[in-house]
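Data block below; observations after.
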Amino acid sequence: MAKILMKGNEAIGAAAIKAGCKYFFGYPITPQNEVPEYMSRELPKNGGVFLQAESEVAAINMVYGASGCGARVMTSSSSPGIALKQEGITYIAGAELPCVIVNIVRGGPGLGGIQPAQSDYNQVTRGGGNGDYKLLVLAPANLQEMVDLMQEAFDAADYYRNPVMLVGDGMIGQMMEPVEFREIKTKYTLSEKTWATTGTKGQRPHNIINSLFLDPAQLEEHNHKLQKKYDDMKANEVRYESVGVEDADIVLVAYGTTSRIVRNAIATLKEEGIKAGIIRPISLWPFPMAAFDAIPETCKAIVSVEMSMGQMIDDIKIASNGRWAVDFYGRSGGMIPTPDGIVAKVKEIMGGVK
Amino acid sequence: MAVVFQKTKGLLDNQTHYCPGCTHGIIHRLVAEVLEELDVLGDTIAVAPVGCSTLAYDYFNMDIHQAAHGRAPAVATGIKRVQPDKVVFTYQGDGDLASIGTAEIIHAAHRGEKITTIFVNNAIYGMTGGQMAPTTLIGQRATTAPLGRTVEHSGMPLKVSEMLATINGAAFVERVSVDSPANIRKAKKAIKEAFECQIARKGFSIVEVLSTCPTNWGLTPIDAIKWLQDNMIPYYPIGNLRRPEEV
């Protein structure tokens, strides 16, 4: 299939439908409105249902109900809306149901702003809702990657019976890029959803979708079962890109569109004789801890470059485990880092750490 | 020998956790009997709330989905939109439906969602131990209204059925009580009509059931029934508030 020029949010909708999504429940919030608008137009044509809920809280709980029936279902929102959805997300994770959640991140805290940001890193990787649970969190850097990851997101959600979140900053949602909808061969063996609440027909015991375990021993057992699943994800779902790290003087870590700005900065630094490598996490959870093992001892510093006040930096420190100095460069509130700003920060560090 | 009465297939044999004198057991049985009589037990998905009836999933013999506090109508909406041919109902208390879940119940009614809600109103939070609900009567004591509810502090008790009856999407709205054999029979008739309304795709249907909470009211089961008759029914009059013409 030929490449077509699409707006990010519409490409998200198209990719979801191609991945078999039949149901969408959402609530308007900038800068992701083109996703529900696209779904309201296209899902009915594809035998699905779009419904605008009365709130983000209701939308995620509709997702919870639809997923319990075994449907491929998704919702999308932006940062404050995702905060509202956290109640439903922890229930869905606790009840072990699949769904895909798209978060087109905007600045915060509070109502914040509507320009691109990455200040939801903690919200999306640390749970956000109550209890010990994890989401598989994927952060593409361009529209093609977003489209390709959508199929994997739905398949992984079904395979693990766990919510998967796709994270894009406002730029991913609003920019236009050429995309190709190519066949993605699934790596997952998916089984029939015998647990779904589809009516017993009087032929089997009743199915119960539930996250309540009043017996502490049972709840602990349930948590161990969930933990085993998260361990499997850590073993099998780490995704990242790493370039020029092995002989780097300095390593920059960035995800999403920020990584594209960092690449420009790295090209400039190369011209000036500074060897800078990049680690680009694609899975924010599980975080690519092992990618850092390729960094030489001689590397002077690792810099987290984020559109936030510094959130991913904590994971970088865990991955570094004291082996390198870890520094930070970020812009927030919808301000976008510039290659010049990143270059200046690197030079400052390289001058300071001999 | 002819069988004249037997336990409904809609309920499992599990012993319930409900307190002595609580009317949840009666209401569970009425719902289960109606679904059995309509021959839809195998095509029904129930949604359990947060509250005393959270554990309804251990008692109803049908597929069932436990929801977050107040969100049962949203969960039921998701289920019904995926499976429009199934019978879907929520079973919610007054804390769940009339307080934390007001947005969800109003908008499910507003959309004319083809689901049925069994709304059990006992004018108090039962599971959490007797706190004041929006439905708690004036002067009624609760653990968070130790001197009794006052209008000045908390407003008048919320009449949910009257409010929902103003919404066009709500096709069937009736308030019933399970305080006497005669009223229990009327309650069952209303519950059946509500489910028939859903099956005929007329819109949203709700039956509010006035119920007792002897434990948190601090009354014996018999006195609790009398308290319901003397205090709840005068403020929450029983009867039909809305029905589609043809049903």
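The values are calculated or read from the model by the stated rules, or taken from the named source; none is laboratory data. Values in this document were obtained by computation on a predicted structure and should not be read as measured data. FYI the Cβ positions are ideal-geometry reconstructions off the backbone, even for glycines, and counts take in every protein chain you see.
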**Prompt:** When you go through (1) more than 9 Å from chain A (Cβ to nearest Cβ); (2) among the aliphatic types (A, V, I, L, M); (3) under 16 Å from A:Ala66 (Cβ atoms) one by one for B:Leu35, which number turns out not to apply?
**Reply:** (3)
**Asked** Is it true that some residue in the stretch B:136-152 is surrounded by 24 or more Cβ atoms within 10 Å (Cβ to Cβ) and among the polar types (S, T, N, Q)?
**Response** yes
**Message:** Tally up the residues in the stretch A:41-59 that are assigned to a loop (DSSP other than H, G, I, E, B), under 12 Å from A:Leu84 (Cβ atoms) and not aliphatic (A, V, I, L, M), please.
**Reply:** 2
**Item:** Lone qualifier among B:Glu174, B:Glu245, B:Glu208, B:Glu193 - being within 15 Å of the chain's Cα centre (by Cα) and surrounded by fewer than 24 Cβ atoms within 10 Å (Cβ to Cβ)
**Value:** B:Glu193
**Fill in**
Exception for A:Ala196 within (1) part of a loop (DSSP other than H, G, I, E, B); (2) of a type in the set (A, V, I, L, M, F, W, C); (3) within 30 Å of A:Val326 (Cα to Cα) falls at (3)
**Asked** Taking the stated definitions as given, is B:Ala123 assigned to a loop (DSSP other than H, G, I, E, B), under 25 Å from A:Gly70 (Cβ atoms) and modelled with pLDDT of 95 or more?
**Response** no
**Fill in**
From the option list A:Arg239, A:Arg260, single residue qualifying as among the basic types (Lys, Arg) and either within 14 Å of chain B (Cβ to nearest Cβ) or in contact with a Ser or Thr (Cβ under 6 Å, 6 or more places away or on another chain) (or both) is A:Arg239
**Message:** Which pairs turn up if I take residues in the stretch A:121-139 that are closer than 21 Å to A:Met150 by Cβ and look for partners that are part of a helix (DSSP H, G or I) with beta carbon separation below 6 Å, at least 6 apart in sequence or on another chain?
**Reply:** A:Lys134/A:Tyr230; A:Leu136/A:Ala156; A:Leu136/A:Met233; A:Val137/A:Val124; A:Val137/A:Thr125; A:Leu138/A:Leu149
**Request:** Only residues that are among the polar types (S, T, N, Q) and facing chain B (nearest Cβ under 10 Å): list them for the stretch A:81-99, please.
**Result:** A:Thr90
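Looking only at the stretch A:69-80, decide whether some residue is among the hydrophobic types (A, V, I, L, M, F, W, C), in contact with a Ser or Thr (Cβ under 7 Å, 6 or more places away or on another chain) and within 12 Å of chain B (Cβ to nearest Cβ).
Initially, the stretch A:69-80 is screened for residues among the hydrophobic types (A, V, I, L, M, F, W, C), giving A:69, A:71, A:73-74.
Those left that are additionally in contact with a Ser or Thr (Cβ under 7 Å, 6 or more places away or on another chain): A:69, A:73.
Subset that is within 12 Å of chain B (Cβ to nearest Cβ): A:69, A:73.
So far as the stretch A:69-80 goes, yes, one or more of its residues are among the hydrophobic types (A, V, I, L, M, F, W, C), in contact with a Ser or Thr (Cβ under 7 Å, 6 or more places away or on another chain) and within 12 Å of chain B (Cβ to nearest Cβ).
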**Asked** Can you spot a residue in the stretch B:86-93 that is assigned to a helix (DSSP H, G or I), of a type in the set (Ser, Thr, Tyr), more than 8 Å from chain A (Cβ to nearest Cβ) and under 30 Å from B:Ala224 (Cβ atoms)?
**Response** no
**Request:** Could you tell me whether A:Val102 is more than 14 Å from every other protein chain (Cβ to nearest Cβ), crowded, with 23+ Cβ neighbours inside 10 Å, part of a strand (DSSP E or B) and not aromatic (Phe, Trp, Tyr)?
**Result:** yes
**Message:** Looking only at the stretch B:38-82, filter to residues that are more than 7 Å from chain A (Cβ to nearest Cβ) and among the charged types (D, E, K, R); which one of those is surrounded by the most Cβ atoms within 10 Å (Cβ to Cβ)?
**Reply:** B:Lys80
**Message:** For the stretch A:167-183, give me each residue that is assigned to a strand (DSSP E or B) and acidic (Asp, Glu).
**Reply:** A:Asp169, A:Glu177
**Prompt:** Of the conditions (1) hydroxyl-bearing (Ser, Thr, Tyr); (2) assigned to a loop (DSSP other than H, G, I, E, B); (3) facing chain B (nearest Cβ under 10 Å), A:Tyr133 fails just one. Which one is it?
**Reply:** (3)
**Message:** Going residue by residue through the stretch A:191-214, is there one that turns out to be acidic (Asp, Glu) and either within 14 Å of chain B (Cβ to nearest Cβ) or under 26 Å from A:Met6 (Cβ atoms) (or both)?
**Reply:** no
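Count, please, the residues in the stretch A:332-351 that happen to be of a type in the set (Lys, Arg) and either surrounded by fewer than 18 Cβ atoms within 10 Å (Cβ to Cβ) or not in a helix (DSSP H, G or I) (or both).
1
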**Message:** Just checking, does the stretch A:6-13 include any residue being within 19 Å of A:Glu145 (Cα to Cα), out of contact with any strand residue (DSSP E or B) (no Cβ under 9 Å at 6 or more places or on another chain) and of a type in the set (Gly, Ala, Ser)?
**Reply:** no
**Prompt:** Does A:Ala83 satisfy being part of a helix (DSSP H, G or I), surrounded by fewer than 24 Cβ atoms within 10 Å (Cβ to Cβ), of a type in the set (Gly, Ala, Ser) and at pLDDT 95 or above?
**Reply:** yes
**Request:** Kindly establish whether A:Ser40 is away from chain B (no Cβ under 11 Å) and touching a Ser or Thr at 6+ places or on another chain (Cβ under 9 Å).
**Result:** no
**Asked** Looking at (1) over 20 Å from B:Ala133 (Cα atoms); (2) of a type in the set (Val, Ile, Thr); (3) in a loop (DSSP other than H, G, I, E, B), can you tell me which one B:Val47 breaks?
**Response** (3)
**Request:** Filter the stretch A:199-235 down to residues that are among the aliphatic types (A, V, I, L, M) and not in a helix (DSSP H, G or I) and give me whichever is farthest from B:His65 (Cα to Cα).
**Result:** A:Leu214
**Item:** Residues (part of a loop (DSSP other than H, G, I, E, B), surrounded by 20 or more Cβ atoms within 10 Å (Cβ to Cβ) and in contact (Cβ under 8 Å) with a residue 60 or more places away in the chain) located in the stretch A:18-40
**Value:** A:Ala19, A:Cys21, A:Pro31, A:Gln32
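Check the stretch A:151-161 and report whether any residue there is more than 21 Å from A:Asp232 (Cα to Cα) and either assigned to a loop (DSSP other than H, G, I, E, B) or not acidic (Asp, Glu) (or both).
No, the stretch A:151-161 has no match at all.
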**Residue check, A:Glu306 surrounded by fewer than 20 Cβ atoms within 10 Å (Cβ to Cβ) and over 25 Å from A:Tyr230 (Cα atoms)** = no
**Fill in**
In the set B:Ala32, B:Ala72, the lone residue that is under 14 Å from B:Gly95 (Cα atoms) and either among the aliphatic types (A, V, I, L, M) or touching a residue at least 40 places away in the same chain (Cβ under 8 Å) (or both) is B:Ala72
**Message:** Could you check the stretch B:1-47 and list, in sequence order, the residues that are more than 18 Å from B:Ala194 (Cβ to Cβ) and of a type in the set (Gly, Ala, Ser)?
**Reply:** B:Ala2, B:Gly21, B:Gly25, B:Gly42
